[in-house]
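The values are calculated or read from the model by the stated rules, or taken from the named source; none is laboratory data. Since this is a predicted model, take the numbers as computed values, not measurements. Counting neighbours? That spans all protein chains shown, and the Cβs are built from the backbone with ideal geometry, glycine included. Side chains are part of the model used for accessible areas, which takes the heavy atoms of the whole protein and leaves out ligands, DNA and RNA. Shrake-Rupley method; radii C 1.70, N 1.55, O 1.52, S 1.80 Å.
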Amino acid sequence: MLKHGVNSLCRCCPAVTYCTFEYDPVVWLLSCLEVTASSRHYVDRLFDLDPQKVLQGVIDMKNAVIGNNKQKANLIVLGAVPRLLYLLQQETSSTELRTECAVVLGSLAMGTENNVKSLLDCHIIPALLQGLLSPDLKFIEACLRCLRTIFISPVTPEDLLYTDATVISHLMALLSRSRYTQEYICQIFSHCCKLQHWHSCGFKSLPQPLLCANGPDHQTILFNHGAVQNIAHLLVSTSYKVRMQALKCFSVLAFENPQVSMTLVNVSVDGELLPQIFVKMLQRDKPIEMQLTSAKCLTSMCRAGAIRTDDSCIVLKTLPCLVRMCSKERLLEERVEGAETLAYLIETDVELQRIASITDHLIVMLADYFKYPSSVSAITDIKRLDHDLKHAHELRQAAFKLYASLGANDEDIRKKIIETENMMDRIVNGLSESSIKVRLAAVRCLHSLSRSVQQLRTSFQDHAVWKPLMKVLQNAPNEMLVVASSTLCNLLLEFSPSKEPILESGAIELLCSLTQSENLALRVNGIWALMNMAFQAEQKIKSDILRGLSTEQLFQLLSDSDVNVLMKTLGLLRNLLSTRPHIDHIMSTHGKQIMQAVTLILEGEHNIEVKEQTLCILANIADGTTAKELIMTNDDILQKIKYYMSHSNAKLQLAAMFCISNLIWNEEEGSQERQDKLRDMGIVDILHKLSQSSDPNLCDKAKTALQQYLA
């Protein structure tokens, strides 16, 4: 039977005709029955009353499933796993049978993720952990090998290793039994120590990501059970596999962990400190895997503060090693890991960024990450080429991350990055990629480069990067929103040509919605961007911001528990209340609420910077033509200004003095009445006292104010 229209070439038709065969259901059913019957035979033998026949059945099953995922799936469906686990746990089973059962279970776990899920559903982990109590080493090794296979699967929850407090202690004790127990246990530890990943009007910088252990603090649990001491000597094992797994274990334990890193830096093995051992493993004659993992260990120790950034083992060994890994001669995964580790190493250190930028033409070398695979590829292995084609996006992601770190601080480096072949086009394309990880890395790169005044005025405008950025901000996950909104903060600075088109694209509504987010970073970014937007803006834009925020939301932000949100909200108010016509207009419509907010902040328990910013807002209000009357008719506010003129902190005194100066300026209408009222309050006496101040700023400001009375 034929059905036309599906792209399957039919040999009985002309070459241009496409069709598909419809399977004969009887043939298909017989085929399935044949496979199931074959698999059923293996399962049935597990229930034989003769122990020897059961053992031989398990051995035959082991041979049948090797490299055969279909057979593995069939045996799982037919219920082989519960029976194998039963035999493994029976004390009456021979050690050889129990060992073979563990081997078969391990082979089943090497199949698909669904296989692992089925094994987990049958509670395989508790059974295998119980098996580790056996005195037989071969059985222990088989259980550990199976556990290793299960725990390296992405579907296995790491916390399953930590449900029983005695398990870690027992695993530590088993490390000394054989090189296989050492290899498997270190591999289990490294896979079960997962981590969660990452101020004034001016450039917005991202907070450094703070990484913490997932759920229970796995690093601390392993550290407290003596992981460092028990694993350190394995770095000099005669077995390469043991050395590598120990190294990988340390790379995970030390990551973002000062306690582990500070301990590692002082541990010695055979009279040699661990950092020295790691450096030896960085040498070019060592396998690439070892070089990379050693570099990761030293990088983590450096970032945790255990090794100085100017230490020769970082500058002359680790950094050059990681740059080597970025070469196009390396495999794709090596280039990705090298670039991402280097990005992390140099992320917060200006000097390392400068050194990296001039090492082996790194900036130009990274451009090759976007050209892979080239039309004439050097890869002759078809499987490798197929793999790399599927993972080429990881190269672009890694390149964006490293460019972001390189350009984090230095203007010259940013210029070199942007001048790299088609760089801005690549970032714009990256913002639209299907992979969210590539989009996030591209936004991080854009954010780093957006700290450049020159680039904001030129390259960013030439390539209209604000368009894809605004698109990224629509319905993005929080992690993406945080970075994208940080970038938007910089694009909204008053000298940025992108500011006007961003405003026209509906940014105010978007940013106002961010200020209502439960995510702190998004609230900060939303209000920060609005603050930059309001700087020297037209009255219409200021009115749109106030309308979009609403008085209720403004008060909510002013009472936010986070000081950054509060400071940026005050900065926004200060920018809104600039230029007299704007001050008078805004205070005529929102004066009562703003004065109420100012009063609450000046009365509250806030730091010096918050109160200084609040007094500066009052100084702006005092500069209005009609708005200043809202201060003059509010005796409570006047008393507060008077109080801060005599405060012990010079910043607050100076801010209060600005308020007074603006109120008494004698060229303005009504100045005489205001001067008289303030004289009656004792302000002139305070000014005379401040004119004798040792602080030159206070002294000058007080004398200038007194001249208004004498004029």
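With distances taken between every two different alpha-carbon atoms, the range 310-455 has a Kirkwood hydrodynamic radius of 15.3 Å. Model label points for L49 and R179, set 7 angstrom from Cα along the Cα-to-Cβ axis, are 4.7 nm apart. For R40 and E351, the FRET efficiency from 1/(1 + (r/R0)^6), where r spans their Cβ atoms and R0 equals 45 Å, is about 0.10. For the range 87-167, taking Cα atoms only, Rg and Dmax work out to 12.0, 34 Å respectively. In this simple spin-label model, placing a label point 7 Å from the Cα along the Cα-to-Cβ direction at both N224 and S550 gives a separation of 4.7 nm.
Note on the chain: helix-only mean residue ellipticity at 222 nm, from DSSP H runs of 4+ residues weighted -39500 (n - 2.57) and normalised by residue number, equals -20000 deg cm²/dmol. If I compute volume of the Cα convex hull per residue in Å³ from the structure I just sent, which labelled value in [x] 264; [y] 279; [z] 230 lines up? Read-out from the structure maps to [z].
Rounded to the nearest whole Hz, the Karplus-based 3J(HN,Hα) values (6.51 cos²θ - 1.76 cosθ + 1.60, θ = phi - 60°) of the range 432-440 follow the sequence 10, 5, 6, 6, 5, 5, 5, 4, 5, with x at glycine and proline. Using the alpha-carbon centroid of each, what span in Å lies between the range 290-357 and the range 462-486? Cα centroid to Cα centroid, the span is 29 Å. Of the cross-linked pairs K194/K371; K328/K416; K437/K471; K371/K499; K194/K437; K317/K437, those separated by over 26 Å at the C-alpha level are K194/K371; K371/K499; K317/K437.
As a size descriptor, the averaged projected area of the C-alpha convex hull of the range 255-330 was calculated at 5.0 nm².
For the residue pairs K592/K640; K415/K542; K540/K651; K628/K701, the C-alpha atoms sit more than 26 angstrom apart in K415/K542; K540/K651. The calculated Kirkwood hydrodynamic radius for the range 510-646 is 14.9 Å, given to one decimal from all distinct C-alpha pairs. Applied to the range 344-350, the Karplus parametrisation 6.51 cos²θ - 1.76 cosθ + 1.60 on θ = phi - 60° returns per-residue 3J(HN,Hα) values of 5, 4, 9, 3, 10, 10, 4 Hz, with x for Gly and Pro.
Accessible area per residue for the chain, computed on protein heavy atoms with a 1.4 Å probe, is 46 Å². By accessible area, using a 1.4 Å probe on protein heavy atoms only, the chain has 52% of its surface on carbon and sulfur. Note that the range 219-234 has calculated 3J(HN,Hα) couplings of 4, 5, 4, 5, 5, 5, 8, x, 4, 4, 5, 6, 9, 3, 5, 6 Hz, one per residue in order, obtained from phi through the Karplus relation 6.51 cos²θ - 1.76 cosθ + 1.60 (θ = phi - 60°); glycine and proline are x. Averaging over all projection directions, the Cα-based convex hull of the range 29-144 occupies 6.9 nm² in the image plane. When the surface is traced with a 1.4 Å probe over the full set of protein chains, R396 keeps roughly 50 Å² accessible. In a DSSP loop and with at most 11 other Cβ atoms within 10 Å, the GluC sites (Glu not before Pro) in the range 595-690 are E605, E667, E669.
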